[in-house]
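Here is the structure we will look at.
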Amino acid sequence: MRHKCKRHLLGRPADQRKAMLRSLATNFIKSSHHEIVTTQSRAKALQPILERLMTLAKRGDVHAIRQAGRVVYNHSTGEALKSHNGKLIELTVLRKLFQQIAPKVANRQSGFTRIVKMPPRRGDAAPMALIQLVDH
């Protein structure tokens, strides 16, 4: 029986849903203020994925990096990062997650993101939400 096994299906097949949530998670990490505006149902589906990524980022070992790499697309963020030997290296999504976001959430046990409801979208009146990183 499938009791209490409900998922946020979002009206899409599994492969499209997974790709959309991976893309939303990548854009969340890539954004400069660590927040994105999306529909409420997508934000609710995205929140557990982001919580798991933040937990992996807090762990910070090689296995956690590989597990997070299975979830997000490791694109370039368009920024450069200075390494310990003075060379400039490309800042990717995974590096940003593990080097910049992980220290911000290191003192929290859980609840790394919040969902704030926004006015409905103009055009189709879809309920919108802002999902953002709680960093204090």
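The values are calculated or read from the model by the stated rules, or taken from the named source; none is laboratory data. These numbers were taken from a predicted model, which means no experiment stands behind them. Note that we place each Cβ from the backbone using ideal geometry, even for glycine, and neighbour counts take in every protein chain shown.
Can you find, within the range 25-36, the residue that is surrounded by the fewest Cβ atoms within 10 Å (Cβ to Cβ) among those that are assigned to a helix (DSSP H, G or I) and out of contact with any Ser or Thr (no Cβ under 6 Å at 6 or more places or on another chain)? For the range 25-36, the residue satisfying everything is 27.
Every listed requirement among (1) free of Cβ contacts under 8 Å to residues at least 60 places away in the same chain; (2) in contact with a strand residue (DSSP E or B) (Cβ under 7 Å, 6 or more places away or on another chain); (3) assigned to a helix (DSSP H, G or I); (4) buried (at least 18 other Cβ atoms within 10 Å of the Cβ) is met by residue 50 save one, (1). Scanning the range 110-131 for residues that are closer than 13 Å to residue 48 by Cα and not basic (Lys, Arg), we see that the one that is surrounded by the fewest Cβ atoms within 10 Å (Cβ to Cβ) is 110.
Tell me which residues, restricted to the range 80-98, are farther than 18 Å from residue 68 by Cβ and within 16 Å of the chain's Cα centre (by Cα). If the condition is that a residue be farther than 18 Å from residue 68 by Cβ and within 16 Å of the chain's Cα centre (by Cα), then no residue fits.
Residue selection: residue 132 fails the criterion of being at pLDDT 90 or above and within 21 Å of residue 9 (Cβ to Cβ). Sort out which residues of the range 61-73 are in a loop (DSSP other than H, G, I, E, B) and surrounded by fewer than 13 Cβ atoms within 10 Å (Cβ to Cβ), and write them in order of number. Of everything in the range 61-73, those that are in a loop (DSSP other than H, G, I, E, B) and surrounded by fewer than 13 Cβ atoms within 10 Å (Cβ to Cβ) turn out to be 61, 70. Being within 13 Å of the chain's Cα centre (by Cα), part of a strand (DSSP E or B) and within 24 Å of residue 18 (Cβ to Cβ) narrows it down to one residue among 101, 115; which is it? Answer to the selection: 115. Among the residues of the range 85-109, those that are in contact with a Lys or Arg (Cβ under 7 Å, 6 or more places away or on another chain) and either within 14 Å of residue 55 (Cβ to Cβ) or modelled with pLDDT of 95 or more (or both) comprise 102, 105, 106. Among the residues in the range 83-94, are any in contact with a helix residue (DSSP H, G or I) (Cβ under 8 Å, 6 or more places away or on another chain), assigned to a loop (DSSP other than H, G, I, E, B) and more than 30 Å from residue 127 (Cβ to Cβ)? No: zero hits. Out of curiosity, is residue 39 surrounded by fewer than 19 Cβ atoms within 10 Å (Cβ to Cβ) and among the β-branched types (Val, Ile, Thr)? Yes: the conditions hold for residue 39. Scanning the range 9-24 for residues that are of a type outside the set (S, T, N, Q) and in a helix (DSSP H, G or I) yields 14, 15, 17, 18, 19, 20, 21, 22, 24.
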